[in-house]
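Beneath this line is the structure, given in C-alpha cells, with notes to follow.
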Amino acid sequence: MEPYMASNTGSFHWPDLRALWQRFSKETRLAFLSALLMGFVAHLYVFSNLLINHDGALSLLSENAHLTSGRWSLAFFSALSGIYELPVVLALLVVLALACTAALTVKLLGISSQPSILLTAGFLVTFPSICVIFPYLYTADAYLFALLLNALAVYLAKRWRWGWAPSILCIAVALGIYQSFVCYAVGLFLLDCILSLLDKEDIKRVSLRGLKYILTIAAGLVLYRVILAVLLQLAGTALSSYRGMDQAIQSGVLDYLRALPQAYLEFLRFFWQPSYLGRLLTLAQQCLLLLAIACGAYLLLARHLYKEPLRLALVLLGIALLPLALNLISIIIAGQTDVNLLMEFSFVLFYIFMVKVMELALGQLLKEGLPWRLPQKWGKRGALSWQAPMSAGLVVCLALIWNQFCLVNTGYLRVQLVYENSFALANRIVARVEGMEGFHRDIPVVLAGNPASTYGNRVAFPQLEEFPGMYTSLVNEYCGTHFIRAFIGMHKRCATPEQREEVMESGVLETMPIYPAQGSIQEYNGMILVKLSENWDLNAFEG
C-alpha cells in the first residue's frame, strides 16, 4: 500500500511509515541513522545535565524572542520546546535537526560510500561549534533548525524547477533565526556547482544553475530584510547595537573589500593552525589538507579537465571562492565585530568536501585500475581497494572526529564547572548578605564586576581558549541576580536604572575591597552592594 493511500472502502488508514522510510535512498537513511546515533552519544552529557551560561541564566524561565537582534522567527522555533530550558527535550530536537541536515548534505553532495557517509555524519555532529551552541541551551534547538532550513533550501532549489520559491522563504526564515548559518546554504550551493563541473556536466547548465543559486540567496536576504523592517516598524523599535548589528549591513564598499583578506586568513588559520588541536593532530590535519589537494589535482588530470580550459577555470575559481562562501558572515559584518566559533559552523563543509574529494579520487583509481595491489593472500579477492594514502586519510578523519567528540564533552565539563563554582559562590554571598544588620526581603542587591573563576579556568582548559560563552561566572553584574533568584531561592528585586546610576556616580565602589574581603559587601542608601572585581559596569546589568 502507498504511504498515504486510503483503503478501497474509503476508510482512513495511517501512513505506512515503513514504505515511506524505504522511499529514501540507502545512503540518505545511513546518514540520518548514523548522525542520530553519534549525535546522541556525543552529546549525552547535555541530556543528563543542565548546562547554562550567562545568557542562559537570564533566559532560564522566559521566552526566547530577539527582534532587536534581527531574529524575528527565533521565538516561533524556540516555542517547539516551550519557554523553559529542558535538557532532554532541547537536546533531542538538536540531534534530530543534525541528523536531518546530515541526510540532506549527503544527498546534495552525492556522497555514496559507507565510510564517507559515516565520516560526514561524524564531522557534522561533533564539530566544535556544537559545543558552543549547547551552553546557550535555551536557543540551541532553534539554531540547529536554522541549519536544517538552510540545507533544505539548497535541496529545494536543486531538486525542482520552481524550488527556488520555497528556497527563498527557507533562507529568509533561517536568517530570522540565526544569521550566520546562511553560510551553510551558500557553501552547499557552491559545492554543488564545483562537483557538477567535476562530473563533466554541461558548463552552460551548471552556470545557469549557479546564477539561479546566487539570485536565490540574494532574494532570501532581501526578503529577510524586508520582513525585519516591517516587524521593527510595527513594534516601534530598532536593531540593537550589540555586536554591530545595527551597522552590519551599512558598511561601504571599501569596508567589504578590506574584509576579504581577513575572511581568508580566518579560514586558513582555522584549518592550518586550529587553536583547539594539539601539535600531533594539527600536523595530521595539515597532512589531510595536503592529501585532499593531491586527490583534487589527480582528479583534474585523470578527468582531462586541462583539455577544457573554461571548465578547469570555473572549478579552480569555485574552490578559490569556497573560503569566502563558508565565511561569508565575516564579509557581511565587514569588521563591525569579531567572528567566533559559534558563527563558523559552516566550516564543517570543508571537512566534508575533503572527504568527498578523496571518495572521488578513490573511485577514479578503481575505475582506471589501481597502480598497485596488495598480495593475493591478504584479501579474498586478491586485492584491497584502499591504498595506503587513502587509508591514512581515513585514519586521520577518524582521529579528528574522536578528538572533536572528546573536545565537546570537555567543553560541557567546563560549563558545568562554571555552574558549580557559581552556585557555591552565590551561596556564600547570600549567607553574608542575609546576616547583615537591617537585612530585609525587599532591599535590592547590586552585584558589581565579574569574578575570576576559582577552578577550571583558561589555564586548565587551553584547548577551549577561543570557545565563547564558557568562561563567564554566573555571579556577576550581568546575570547574577537572576541566577541567585533561580538557583539559590533568594527572591530579590532588581535595582532600578536610577539606583544603579546613583551607585556609579557616588564613587562608593572605588573605596570598597574585592570579595571576599571584609567590607566587600556593604549597605548603601537602601541597597546592598557586592563588589566582585575592580572592573565593573553596572550598565551591563539587564534587569
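The values are calculated or read from the model by the stated rules, or taken from the named source; none is laboratory data. Note that the structure is a prediction, hence the values are computed from the model and not measured. Quick reminder, even Gly has a Cβ in these numbers, built from the backbone with ideal geometry, and neighbours come from all protein chains shown. Surface areas here come from the heavy atoms of the whole protein model, side chains and all, with no ligands, DNA or RNA. Shrake-Rupley method; radii C 1.70, N 1.55, O 1.52, S 1.80 Å.
So, by mean Cβ neighbours within 10 angstrom, what's the order for 80-92, 174-186 with the highest one leading? Numbers along the way, then the final one.
Numbers: 80-92: 17.3, 174-186: 25.6.
My ranking of the peptides, most packed first, is 174-186, 80-92.
Rank-order 166-172, 320-326, 155-161, 304-310 by packing density, defined as the average count of other C-beta atoms within 10 Å over each peptide's residues, highest first.
For the peptides 166-172, 320-326, 155-161, 304-310, the packing ranking is 166-172, 320-326, 155-161, 304-310.
When a/c is below 1.5 the answer is rounded, else prolate if a/b is larger than b/c, else oblate, so apply that to region 96-192 with a ≥ b ≥ c taken from the square roots of the Cα gyration tensor eigenvalues.
It comes out oblate by the Cα gyration axes.
How many angstrom lie between the C-alpha centres of region 280-323 and region 203-229?
Rounded to whole Å, the Cα centres lie 26 Å apart.
Under 5 Å between amide H atoms, partner at least 5 residues away or on a different chain: which partners does TYR524 have, H built in plane at 1.01 Å?
Amide H neighbours of TYR524: LEU529.
Which percent, nearest 5, of DSSP beta bridges in region 394-543 are antiparallel?
Bridges in region 394-543 that DSSP calls antiparallel: roughly 50 percent.
When only C-alpha pairs under 8 Å and at least 6 residues apart count, what is the relative contact order of region 59-195, in percent? Don't jump to the answer; show the numbers that get you there.
Details: 165 pairs, mean separation 40.0, N = 137.
Dividing the mean separation by the residue count of region 59-195 yields 29 percent.
By its C-alpha gyration tensor, with a ≥ b ≥ c as the square roots of the eigenvalues, how is region 158-203 shaped: rounded for a/c under 1.5, else prolate for a/b larger than b/c, else oblate?
oblate
Just need the relative contact order of the chain here, percent rounded to a whole number, with Cα pairs under 8 Å and 6+ apart.
Relative contact order comes out at 16 percent.
Quick one: what Rg and Dmax do you get for region 267-346 from the alpha carbons, in Å?
15.9, 45
Based on alpha-carbon centroids, what's the gap between region 474-543 and region 108-166 in Å, whole number please?
So the separation of the two Cα centres works out to 43 Å.
Over region 276-369, what is the relative contact order in whole percent, taking alpha-carbon pairs under 8 Å and six or more residues apart?
40
Rounded, prolate or oblate for the chain? Axes are the square roots of the Cα gyration tensor eigenvalues, ordered a ≥ b ≥ c, and the cut-off for rounded is a/c under 1.5.
prolate
Write down the accessible area per residue of the chain in Å², having rolled a 1.4 Å probe over the full set of protein chains. Write down the numbers at each step before the final one.
On the way: 25330 Å² over 543 residues.
Computed with neighbouring chains in place, this is 47 Å² per residue.
Roughly what % antiparallel, to the nearest 5, for the DSSP beta bridges in the chain?
Among the beta bridges of the chain, antiparallel pairing accounts for roughly 60 percent.
Within 15 Å, Cβ to Cβ, of VAL186, how many net charges do the neighbouring residues add up to if Lys/Arg are +1 and Asp/Glu are -1?
Net charge around VAL186: +1.
Under 15 Å between alpha carbons: how many lysine pairs meet that in the chain, if sequence neighbours fewer than 8 apart on the same chain are excluded?
Number of lysine pairs found: 6.
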